[in-house]
């Protein structure tokens, strides 16, 4: 009887837990902890991809990072579509890392989305800084990982 009761309580707890969480972010920080050069951009749902200024030129070297202010107060979003790409309060945002595969492949050959099921991030000026990273080599273990959600829940 005790086993059944424990199982029923555990099942009810799992079934009542939220399937995902929503977080408020005002900036996205990308850390390149891989053995490659990377480029990073911000995606705003239903908009063009907005690229941060540090993703141009030589890219983000190994052990380097870039922080993109989503309100563009620091000019970190530089895109031909910059005005249209700037998120509005409540727009879902996430990052995309492009990994340079080196000689013969051209830059940004491997695209790694930082958008993961289970956690959604929405722009709000009072939000926190979302931190994501890639690591590994150009051939393996280089998916985009969530490092820190910032701890500010998004309330509609």
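Just so you know, all these numbers are worked out from the coordinates, no wet-lab data involved. The shown structure was predicted, so the numbers you read here are calculated from the model rather than taken from an experiment. Ideal geometry is used to build each Cβ from the backbone, glycine not excepted, and the neighbour counts take in all protein chains shown.
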- Sketch the reach of a paramagnetic label on residue 73 as a point 7 Å from Cα along Cα-to-Cβ, and name the residues of region 140-156 whose backbone nitrogen lies under 20 Å away. 149-155
- Query: Working out 0.36 nm times the residue gap between residue 89 and residue 101, then minus their Cα-Cα distance, what length gain in nm do you get to one decimal?
  - Reply: 0.8 nm
- Task: Could you work out how far apart the two model spin labels at residue 153 and residue 119 are, taking each label as a point 7 Å from the Cα in the direction of the beta carbon, and quote it in nm?
- Result: 1.6 nm
